[in-house]
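Asker: This structure is in structure tokens; I'll ask about it shortly.
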Amino acid sequence: MDSLRRCKQRIKGFLLFLGLPEPKETERWRRGFAEALLALPLDPHARLTLESHLRELTFYQSELSEVEEQLRQMARQHGHVLTCLKSVPGVGEVVATTFMLELFDPERFHRAEEVASYLGLAPMVRHSGEKAPSGRLRPAGQTRLRSLLIEAAWMWRQYDPYARNLYNRFLGRMGIAQKAIAAVARKLAVILWRLYVERRHYRPATA
């Protein structure tokens, strides 16, 4: 997906460099965008460059379809795990599948702190003289999954009273929404890890 996005950006940047308007088909990359691009008034050398970009784009589109099918097959093999993970309100197919595949061996973690550290959701505490310790996240871990978990934490907060109360407590203590939701995401990650290990559904009362 990242490679596909970058390729589309290169095509748009190339048109901007040439001073050519973007065809309406490239707004959402609708069907016929390639033909619309090739219909632009281009000199022979510019056309060669554009054709190269389009071949690259076609490759990434084909590769993405292949990878998505492989992921669907893997998901079918682990259907019960995904069902357990998706039992948490706000956790959908993408978050559940990514969490399952990125953790891949949840039993190797023995403590919640290990999971949080692996995902880059463990706060980095520093003491400096009389100042209170800071709690920003460590600049490490699974950055893509961490972003997904933070997005899922907002949804979890919206649909689950337990998560909403948790967020409000963190917000009252920290005073910053971003820090509060990161703390909620850390709690969500630990819950998902336990559901993954124990192969059970989410129970808010015992979260």
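Asker: So what's Rg/Rh here for the chain, counting alpha carbon atoms and using the Kirkwood radius for Rh?
Answerer: 1.11
Asker: Just the number, please: carbon plus sulfur as a percent of the accessible area of the chain, 1.4 Å probe, no ligands or DNA/RNA counted.
Answerer: Roughly 54 percent of what the probe reaches on the chain is carbon or sulfur.
Asker: Also, quick follow-up: Below 21 Å, Cα to Cα, which lysines can Lys24 reach? Residues fewer than 8 away in the same chain don't count.
Answerer: Lys8, Lys12
Asker: Then there's this: Which angle between 0 and 90 degrees, to the nearest 10, do you get for helix 2-18 versus the longest principal axis of the chain when only C-alpha atoms count?
Answerer: 40 degrees
Asker: Let me ask something else about it. Which whole-angstrom value gives the distance between the alpha carbon centres of region 1-62 and region 75-95?
Answerer: Region 1-62 and region 75-95 have Cα centres separated by 36 Å.
Asker: Return the lysines within reach of Lys86: Cα separation strictly under 26 angstrom, same-chain partners fewer than 8 residues apart disregarded; answer none if there are no such residues.
Answerer: Straight-line reach from Lys86, under 26 Å: Lys179, Lys187.
Asker: For the chain, what relative contact order do you get, as a whole percent, if you take Cα pairs closer than 8 Å and at least 6 residues apart?
Answerer: 19 percent
Asker: Can you tell me the dipole magnitude for the chain around its Cα centre, using point charges on the Cβ only (Lys, Arg +1; Asp, Glu -1), in Debye to the nearest 20?
Answerer: About 1000 debye.
Asker: Please turn the phi angles of region 54-71 into ³J(HN,Hα) values with the Karplus equation 6.51 cos²θ - 1.76 cosθ + 1.60 (θ = phi - 60°), one per residue in order, whole Hz, x for glycine and proline.
Answerer: 5, 5, 5, 4, 4, 4, 5, 5, 5, 5, 5, 4, 5, 5, 4, 5, 4, 5
Asker: On to the next question. Before rounding to the nearest 500, sum -39500 (n - 2.57) across all DSSP H runs of length at least 4 in the chain and divide by the residue total; then give [θ] at 222 nm in deg cm²/dmol.
Answerer: -21500 deg cm²/dmol
Asker: Hey, can you rank 86-94, 22-30, 149-157 by average C-beta count inside 10 Å, highest first?
Answerer: In decreasing order of mean packing, 86-94, 22-30, 149-157 become 149-157, 86-94, 22-30.
The values are calculated or read from the model by the stated rules, or taken from the named source; none is laboratory data. All of these numbers come straight from a predicted model, not from anything done at the bench. Cβ sites come from the backbone with ideal geometry, for glycine too, and all protein chains shown count toward neighbours. Heavy atoms of the whole protein, side chains included, go into the accessibility calculation; ligands, DNA and RNA do not. Shrake-Rupley method; radii C 1.70, N 1.55, O 1.52, S 1.80 Å.
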